Amino acid sequence: MTRWLDDDEQRTWRDFLAATQLVNEALDRQLQREAGMPHTYYMILVALSEAPERSMRMSELAARAQSSQSRLSHAVARLEERGWVRRHRCDSDRRGNYAVLTTEGFAALAAAAPGHVAEVRRSLFDVLTPEQVGHLAEICAALRNTLEQ
């Protein structure tokens, strides 16, 4: 038997979808305008910057960026063209590839980060009370804990 959403749940669901889409669009616009890159590229650069030796297997990077391997491969190719990322084969597994953040890529990320953080604050945290931020953290953790299993 289907458990249909009641009116409050339906309203909450639609507000959640709209809010997440609007925040993502605001972040993408800001990064395109100020750094010349889409939010997806920024997320890839961040993931690589946080990895040991700024290097990550492409399959792991795809999972971290919540992207298909083919879509990630296309994005990494664009980042290679900019000189921000380079690829190399895995020595132990000839089918595996690594993406490596270059010095130029790290510089591009460092230049983009202040504007990105300002937009995250403007679009999300500045409109919430500290109590709401705490609730949002709990909600997001509950969703991740359930969905990442």
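What follows draws every value from the coordinates through simple rules; no lab data is involved. This one's a predicted model, so the numbers in the text were calculated from it and none came from an experiment. Because the Cβ atoms are built from the backbone with ideal geometry, glycine has one as well, and the counts that use them run over all protein chains shown.
Computed from backbone phi with θ = phi - 60° and the Karplus coefficients 6.51, -1.76 and 1.60, the 3J(HN,Hα) list for the stretch 135-149 is 5, 4, 4, 5, 5, 5, 4, 4, 5, 4, 4, 7, 7, 7, 6 Hz; x is used for glycine and proline. The angle separating the long axis of helix 103-123 from the principal Cα axis of greatest extent in the chain is about 10 degrees. Charge dipole of the stretch 55-113 (Cα centre as origin; +1 on each Lys and Arg Cβ, -1 on each Asp and Glu Cβ, all else neutral): 160 debye, rounded to the nearest 20. Extension gain, GLU104-ARG33: 0.36 nm per intervening residue step, less the Cα-Cα distance, totals 23.6 nm.
Under 5 Å between amide hydrogens, built in the peptide plane, is the criterion, and for THR102 it picks out VAL85, ARG86 among residues at least 5 positions away or on other chains. Using a simple spin-label model with pseudo-atoms 7 Å out from Cα toward Cβ, LEU128 and SER70 lie 3.6 nm apart.
Given the stretch 41-99 reduced to its alpha-carbon atoms as identical point scatterers, what log10 I(q)/I(0) does the Debye formula return at q = 0.17 Å⁻¹? Here log10 of I(q) over I(0) equals -0.48.
Taking the longest Cα principal axis of the chain as reference, the axis of helix 69-81 is set at about 60 degrees.
Extension gain for ALA137-LEU5 works out to 45.2 nm (0.36 nm per residue, less the C-alpha to C-alpha distance). Near the amide H of GLY96, within less than 5 Å, lie the amide hydrogens of CYS90, all on another chain or at least 5 residues away, with H placed in the peptide plane. Note on the stretch 92-149 and the stretch 6-31: Cα centroid distance 17 Å, given to the nearest whole angstrom.
Rounded to the nearest 20 debye, the dipole magnitude of the stretch 7-147 is 700 debye, with +1 charges on Lys and Arg beta carbons, -1 on Asp and Glu beta carbons, and the Cα centre as origin. Structure remark: mean-square fluctuation, Gaussian network model of the chain, C-alpha springs under 10 Å; the largest value among THR102, THR129, THR40 belongs to THR129. For the chain, set up a GNM with springs between Cα atoms under 10 Å and report which of GLN66, GLN32, GLN132 has the largest fluctuation. In this elastic network of the chain, the residue with the biggest mean-square fluctuation among GLN66, GLN32, GLN132 is GLN132.
Just the C-alpha atoms of the stretch 7-147: what Rg/Rh do they give, with Rh taken as the Kirkwood radius?
That ratio equals 1.03.
The gain in end-to-end length when the GLU25 to ASN145 segment is fully stretched comes to 40.7 nm, 0.36 nm per residue minus the alpha carbon separation.
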